[in-house]
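The values are calculated or read from the model by the stated rules, or taken from the named source; none is laboratory data. Computed from a predicted structure; not experimentally measured. Here the Cβ is made from the backbone with ideal geometry for all residues, glycine too, and neighbour counts use every protein chain on show. The accessibility values were calculated without ligands, DNA or RNA, using every heavy atom of the protein model including side chains. Shrake-Rupley method; radii C 1.70, N 1.55, O 1.52, S 1.80 Å.
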Amino acid sequence: MALSAKSAAARSAAAPRGAASRARTVRVAALSTEKSNPYMEELRATANYIATRGKGILASDESNATTGKRLATVGVDNTEDNRRAWRELLYTAPGLGQYISGAIMFDETLFQSTAGGVQFVDVLKKQGILPGIKVDTGLEVIPGTDGETSTQGLDGLGERCARYYKQGARFAKWRAVLKVGSSTTAILENAHGLARYAQIAQANGLVPIVEPEVTLGPGTYTIEENAYWSEKINSHVMRLLNEYGVVLDAILLKPNMCLPGLDAPTASPADVAKYTVRTMLRSIPPAVPGIHFLSGGMSEEESTLNLQALQEACPNSPWSLTFSYGRALQSSTLKTWAGKKENADKAQDILVQLARANSQAQLGKYKGPHPVPGGGRILQALRTGGPGK
Ligand code: 13P
């Protein structure tokens, strides 16, 4: 039935007013989250500090189970003291703070101390490295999907964040696991989890590292396909962050670089950079201070070369295009240490050399040679899905 001219006019006049008042309510809500958060200035300062050009993050937040798998590769038992000794070696490496601005820790590690009784958080702060904490509690399969996962840990998250802040943590990490070809269900579920987590972390003084990882998976998918899914996933995540009133200049992003599938020919650093930069320019607002890429299975040298190529592809990037590497900083360090006191200095030296190479790459000044040239992909069970990661 046709509307009378009068009622149609009345409706179109009413619609904008309704929409405008809804928009006003949303805007005021977001504004008040920002205004009422007593940590807001500190959060911004923390995020900017971690994103300092020429610096990156040491990801050392593997769960006890994953750490055990890593230690087993060099014949070291998975005891609390061995985990502690391994992290002590990392955090006390002389000069590490020149290249590293933040270290992500696991719950157990955040409360540990050196053999000499100095708390790890104090060791790190002395190096100029801010302590961070992984706050998700692992992955659960989403029913009705082909093994896709939802990241757990929202229950009690506020209380845990408050406890971590009290212990000295100033930033947090939550990892969502996605893939080329993720279902809409998995994308929406994980974007929601990341946004709720980021909102709760900011409310408790922790800068949230938002990590939507498109994992480097088997298959022959192309780099363009990876870029397509990474852009789509990042965009969903950003939209949800926005809807939940998360303040974007007080977060850090931890994405994957765009790479082709494991069974496809490897892409050149120039191609990785071209697609990765395009993806970031299309999906990540310039307000975000730092994009800290994960190494995700790339070799140590590949991680550095790709990071260097990113700067060449985007010399005036609005964000710091930098690193938050786990395997690409720890793998050779662990092999060199192998649980033996007499190897500790050499292992620390490798770690600092790797951190320096990536720092130079962040500045676009990496020229080589690489401290660990030519190594292969690091795909062993260093990071697992499943509970506790
Ligand atoms: P990788 O650099 O080993 O991928 O680990 C980074 C990380 O912390 C992913 O959550």
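Between V76, V180, V288, find the one with the highest GNM mean-square fluctuation for the chain; connect C-alpha pairs within less than 10 Å.
V76
Modelled label-to-label distance, K125 and D349, 7 Å Cα→beta-carbon offset: nm?
So the label points at K125 and D349 sit 3.2 nm apart.
If amide H atoms are built 1.01 Å from N in the plane of the peptide, which residues on other chains or at least 5 residues away come under 5 Å of the amide H of T149?
I142
Please list the non-local residues whose amide H lies under 5 Å from the amide H of K179, H modeled 1.01 Å from N, same-chain partners needing a gap of 5 or more.
The list, which skips near neighbours in sequence, is T215.
I'd like the carbon and sulfur percentage of the solvent accessible area for the chain, probe radius 1.4 Å, heavy atoms only, ligands and nucleic acids excluded.
Carbon plus sulfur share of accessible area: 54 percent.
Based on the mean of other beta carbon atoms within 10 Å per residue, what is the order of 36-42, 83-89, most packed first?
83-89, 36-42
Where in region 87-105 is the amide nitrogen less than 19 Å from a point lying 7 Å along the Cα-to-Cβ axis of L363?
Under 19 Å, as judged by backbone N against the label point of L363, lie 94-102 of region 87-105.
First select every other residue whose beta carbon is under 14 angstrom from the beta carbon of T276; then total the charges, Lys and Arg +1, Asp and Glu -1. Could you put the intermediate results ahead of the total?
Numbers: positive: K254, K274, R278, R282; negative: E213, E224, E225, E231, D271, E302, E312.
Overall, the nearby charge balance is -3.
Starting with the highest mean, order 213-224, 302-313, 183-194 by the number of other Cβ atoms within 10 Å, averaged over the residues of each peptide.
Sorting 213-224, 302-313, 183-194 by mean packing, highest first, produces 302-313, 183-194, 213-224.
Please compute the contact order of region 42-362 in relative form: average sequence separation of alpha-carbon pairs under 8 Å and at least six residues apart, divided by the residue count, as a percent.
Across region 42-362, relative contact order equals 19 percent.
Quick check: net charge around A115, other residues with Cβ under 10 Å of its Cβ, Lys/Arg +1 and Asp/Glu -1?
On the way: positive: R84; negative: D81, E88.
That works out to -1.
Can you give the local net charge around S332? Use residues other than it whose beta-carbon is closer than 13 angstrom to its beta-carbon, Lys and Arg +1, Asp and Glu -1.
+1
At 1.4 Å probe size, with every protein chain present, just tell me what the per residue accessible area of the chain comes to in Å².
Accessible surface, normalised per residue, equals 42 Å².
Using all alpha carbons of the chain, what is the percent of pairwise distances in each 10 Å bin, ordered from the shortest bin to the longest?
5, 23, 33, 24, 8, 3, 2, 1, 0
Could you list the residues of region 99-126 with an amide nitrogen less than 17 Å from a label point located 7 Å from the Cα of V74 in the Cα-to-C-beta direction?
Label zone hits: 115.
List every residue whose amide H lies under 5 Å from the amide H of G138, counting only residues 5 or more places away in sequence or on a different chain, with H placed 1.01 Å from N in the peptide plane.
Q152, G388
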